Structures are given as structure tokens and as C-alpha cells.
Amino acid sequence: MEGSSRPRFLGLEESDSGPWDVVVLPVPYEMTTSWGEGTEKGPEACIKASSQVELYDPILPYDLPCGLNIHTAVAWGSEAGTLLEQLDSIRDYAAKWLDGAQFPVFLGGEHGILPPLMQAAAEHPEIEGDLGRLTLVQIDAHADLRDELGGERFSHGTAVRRALDAGVGRVVQIGTRALSREEAAFAEADERVETWFARDFMGVCDGQAGWARLTERVGELEGPVWLTFDVDGLDSSQVPSTGTPVPGGLYHWAAVELIECLFLAPGTNVIGADVNEIVPGQNDSVTQFNAALIATKIVASHTATRLNQKD
């Protein structure tokens, strides 16, 4: 419900009547987790943790919200009885926020939210029904390119494969370090998939040169872009309670630089983002706080882009 007791992103005072520039959308969906559970509690935990995030960001002239109206929407919920009906409900929930009037940041929930978000994004005015125009930038430990996982084709482990099936034109995967032979073969054979393995830009031997190549590539992207940020793309020490933490991932400042580089790239228009696989810790708040930092950096980078467009 819309009561004042509902936690608000960054602890900001908000109006429940728009228009809004940025909308934070909790999607506590969890139906196909294959190891650690708890993603359904992630969005609320992330929003609560965000109240402890500083509003200062050096890329902005003023503290957040920096002149923009930010709104925390009522969370998605559904009593639908089947997985596909639940996904259709997420699509319908997302669609009204993808008309180009505001910048949406979805908080998950398992990564299975991605395909219905892509279906909803098809109607964005930058897409006009043709998802082939869209580049999906995926920060993630996993490729999520399986055709099925545990017999389920609409799983968190198949999310990017299903997004491509929906018509997404290209996916740029960043931080991949856990994938199956099937996924490796699919990525190698499908020209829509571009993979930047974590070892190639975070490794000991070629890390610095690889990082330079990666940031240059991100800065060259053009057209409409969607950022999907699975928090296990971060090193496992940064998000210890996420469902499938994997060592060897991005550290905080690497994630910050990539997000800034993507949003401020001269040829891109980031039309939305999701931060997913947030699982609150039972004994600490590290995972949800780091997820809140990522979500805040996304909002700050979008704000900086808006301000640059006005200048």
C-alpha cells in the first residue's frame, strides 16, 4: 500500500503523485532458485539498506536527488498459480513504467525477471516494438545462456537465452566466470553474444590491458541499452549471501567505473536497469548494502546524463 511507513529508496521524502524522473520498482520474485534462496526478500532489504547510502556522488553538482523526482513504487505481487502467469504479471507490472516518461530501476528478485522486463521494454519509444535495436549489458558471474535448468526453460539460469529469444539484438556479458560447456558453445556460435570473461580484465597477467579494452568497448556502444546487473557479478566477498556467490568477480570501484562509462558514453541511451539476485544476509547487511550502492550509482549516472543533456 502507499502508506508513509513503506520504505523509500535512499530514505528520501517522496510524493505519491507524479510525474517522476526515476522510479525504483521492487520485484520480489522467486520461483526457480537452484541453490541459495531468499531473493524474494532482496528488494525490500536493498531499499532499507539504501537509507544508509550517502547522497553525495562526485559526478553530480549536488546531492541526490539533484533536482530529480525519485519515486519508490509499490512492489510487484501476484497470486498467479503458474510460473508463466507470474512472469506475465511482471511484464504487465513493468510495462506502465516503460513509456519513456521516467527511468526505471527494477530490484529483484531472481534473474528470471529479465525476460518479462524485455517483453515490456519492447514498447518503449526508443524500441518501438523492435527489440533488435536493444543492447543488453549484463554484469554477471554466470552466462545465463542455458536452454533449460532443472527441466525449466524460464529459469534464472536461462534468463539471457530467453531474452535473446524475445528478440534482444545483442548482449554484452561482463564478468562471466561460471558457465557450462553448452553455454560456451552457444556464445561462441551466436554473433549476438559478446563475452568479457572476468579473468581477462581482472586477472594477474593481462588485467590492466584487458580493463582498458573493456572500458573502451563499453564507451563505444551505441543506441538504446538496458543494464542488467546480477549482484553475483561482484566478487563473492562483496555479496556473500547472494544465491550463487562466485570468487574472482568485480570489486566495487570496477563496477562504479563500468556503470559511469556506460551511462556517459556519447552514443548510448540507457532506457532502464535491473539489479537482481539480492539475498539479504542473516548475520550481516553486506549483500543488500552493496546492492543498494550499485542501484544508487545507476541512479546517479542517469542523473548526470540528464544534466549533461540540459547543458
When you go through GLY219, GLY223 one by one, which is the residue that is surrounded by fewer than 17 Cβ atoms within 10 Å (Cβ to Cβ), touching a residue at least 12 places away in the same chain (Cβ under 8 Å) and at negative phi?
GLY219
Hey, among the residues in region 268-310 that are outside any helix (DSSP H, G or I) and among the hydroxyl-bearing types (Ser, Thr, Tyr), which one's farthest from ALA121 (Cα to Cα)?
SER285
Does region 249-261 contain at least one residue that is buried (at least 18 other Cβ atoms within 10 Å of the Cβ) and of a type in the set (Asp, Glu)?
yes
Suppose we filter region 275-293 for residues that are in contact with a helix residue (DSSP H, G or I) (Cβ under 6 Å, 6 or more places away or on another chain) and buried (at least 20 other Cβ atoms within 10 Å of the Cβ); how many remain?
10
Which count do you get for residues in region 156-167 that are touching a strand residue (DSSP E or B) at 6+ places or on another chain (Cβ under 7 Å) and surrounded by fewer than 24 Cβ atoms within 10 Å (Cβ to Cβ)?
1
What number goes with the only condition from (1) within 17 Å of ALA163 (Cβ to Cβ); (2) touching a residue at least 60 places away in the same chain (Cβ under 8 Å); (3) among the hydrophobic types (A, V, I, L, M, F, W, C) that LEU68 does not pass?
(1)
Screening ARG213, ARG177, ARG162, ARG199 for residues that are closer than 29 Å to GLU123 by Cβ and of a type in the set (Lys, Arg) leaves only ARG162
What are the residues in region 60-88 that are of a type in the set (Gly, Ala, Ser), farther than 10 Å from VAL23 by Cβ and at pLDDT 95 or above, if any?
ALA75
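The values are calculated or read from the model by the stated rules, or taken from the named source; none is laboratory data. Just so it is clear, the structure is predicted and the values come from calculations on it, not from any experiment. Positions of Cβ are backbone-derived with ideal geometry, glycine not excepted, and every protein chain shown enters the neighbour counts.
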